[in-house]
Amino acid sequence: MASKLLHNRLRSLCRVSQLSNIRYSNSIFSTSQNHAQCRFYSEASQQTPLNPPPPPSPNNTSNTTSSTSSLNEFELAKFSSIAETWWDAEGPFKPLHLMNPTRLAFIRSTLCRHFRKDPNCTRPFAGLKFIDVGCGGGILSEPLARMGATVTGVDAVDKNIKIARLHADLDPQTSSIEYRCTTAESLVEEQRQFDAVIALEVIEHVADPAEFCKSLSALTIPGGATVISTINRSMRAYATAIVAAEYILHWLPRGTHQWSSFLTPEELVLILQQASITVQELAGFVYNPLTGRWSLSDDISVNFIAFGTKPGNRDETLD
Ligand SMILES: C[S@@+](CC[C@H](N)C(=O)[O-])C[C@H]1O[C@@H](n2cnc3c(N)ncnc32)[C@H](O)[C@@H]1O
């Protein structure tokens, strides 16, 4: 009974028709492929631990700093080694550059609706404070700042922050971004809070996803929003995000992703719920190899993004 309720809840989250530029299609659970997800979900809610097992590499497990830290030193070393390439649109971060317009469309649509802003104006996020957790070289922080948000970008890799700072300083619209080499949990200790907390493609690289979500929630003001994107722990994701992207197309360096570190949408919804963030909307990203473009979809079997809210009255907590 409980799993059926949760299943129905997940179905209702995937109504990407709410996104202004997306054509509505049937529920994600209407195809045979997604029936498999539905079963997976039912199992997950009863048996699967919320934190998937750590990646099999011994390096990956032995180098985490502590149970409360989100840092996974093995993961961070990978990003440090390619930090100089953040703004090379043909380099290892090419998939993120290609995805950026699509994920920004989701963020603009969901956050404008939540904060009652006009998505069609040039600076819809004016007056809002956003944090981009795991900002890398700033490829998401910069457009958010151009859309008017007061942006803080944090990353655990110092080289990333240096690259982000140098790049943001090239444009007066982005030079006001606050970049810091730190973690979400450190900012929680500083009692920082933001209208929207955004962590794209980060949770699959942290030591403890559930603890990380708790930190993201603590950084979100009551009545605020949290946006997370990641990769589904599905066989399709193994085939495309790892085998194709790393071994065939060489889009990403080999070893960028550990399949066992991925979360299913069901797991993400649950750990966010446990962190007091209610997921309101889920959407998938799909890649069209013919056009070389990504688009939003109701197919969450590989890349997906979640928008959630924290209960409370935002007006009572603004600075
Ligand atoms: C795949 S990149 C995503 C970058 C950016 N969010 C984007 O989507 O363009 C993951 C980033 O998360 C950072 N990262 C990993 N673990 C982190 C942690 N515990 N705290 C902060 N940043 C972290 C890495 O250094 C890296 O820059």
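What about R165, is it touching a strand residue (DSSP E or B) at 6+ places or on another chain (Cβ under 6 Å) and part of a helix (DSSP H, G or I)? Lay out the reasoning, then the answer.
On the way: touching a strand residue (DSSP E or B) at 6+ places or on another chain (Cβ under 6 Å): yes; part of a helix (DSSP H, G or I): yes.
It is true that R165 is touching a strand residue (DSSP E or B) at 6+ places or on another chain (Cβ under 6 Å) and part of a helix (DSSP H, G or I).
Can you tell me which residue is farthest from Y238 (Cα to Cα) among those in the range 287-301 that are among the hydroxyl-bearing types (S, T, Y) and outside any strand (DSSP E or B)? Even if it seems obvious, please write down each step before you answer.
Initial filter on the range 287-301 (among the hydroxyl-bearing types (S, T, Y)): 287, 291, 295, 297, 301.
Retained after the next criterion (residues that are outside any strand (DSSP E or B)): 291, 301.
Numbers: T291: 23, S301: 11 Å.
That would be T291.
Looking at D158, is it farther than 21 Å from W294 by Cα, among the charged types (D, E, K, R) and within 16 Å of the ligand (Cβ to nearest atom)?
yes
Of all residues in the range 100-144, count the ones that are within 12 Å of the ligand (Cβ to nearest atom), hydrophobic (A, V, I, L, M, F, W, C), under 14 Å from I228 (Cα atoms) and surrounded by 22 or more Cβ atoms within 10 Å (Cβ to Cβ).
5
Among the residues of the range 94-141, count how many are within 16 Å of the chain's Cα centre (by Cα) and either assigned to a helix (DSSP H, G or I) or modelled with pLDDT under 95 (or both). Explain how you work it out, then say what you get.
Of all residues in the range 94-141, those within 16 Å of the chain's Cα centre (by Cα) come to 95-111, 130-141.
Subset that is either assigned to a helix (DSSP H, G or I) or modelled with pLDDT under 95 (or both): 95-111, 141.
Total meeting the criteria: 18.
Residues of the range 168-224 being within 15 Å of the ligand (Cβ to nearest atom), of a type in the set (V, I, T), touching a strand residue (DSSP E or B) at 6+ places or on another chain (Cβ under 9 Å) and farther than 14 Å from N72 by Cβ, which ones?
T174, I177, T182, V197, I198
Residues to consider are T102, T152; find the one that is hydroxyl-bearing (S, T, Y), touching a strand residue (DSSP E or B) at 6+ places or on another chain (Cβ under 7 Å), within 22 Å of R293 (Cβ to Cβ) and in contact (Cβ under 8 Å) with a residue 24 or more places away in the chain.
Working: T152 fails: within 22 Å of R293 (Cβ to Cβ).
So the residue among T102, T152 that is hydroxyl-bearing (S, T, Y), touching a strand residue (DSSP E or B) at 6+ places or on another chain (Cβ under 7 Å), within 22 Å of R293 (Cβ to Cβ) and in contact (Cβ under 8 Å) with a residue 24 or more places away in the chain is T102.
Do we find a residue being modelled with pLDDT of 95 or more, within 24 Å of Q193 (Cβ to Cβ) and either in a helix (DSSP H, G or I) or basic (K, R) (or both) anywhere in the range 80-93?
No.
The values are calculated or read from the model by the stated rules, or taken from the named source; none is laboratory data. Computed from a predicted structure; not experimentally measured. Here the Cβ is made from the backbone with ideal geometry for all residues, glycine too, and neighbour counts use every protein chain on show.
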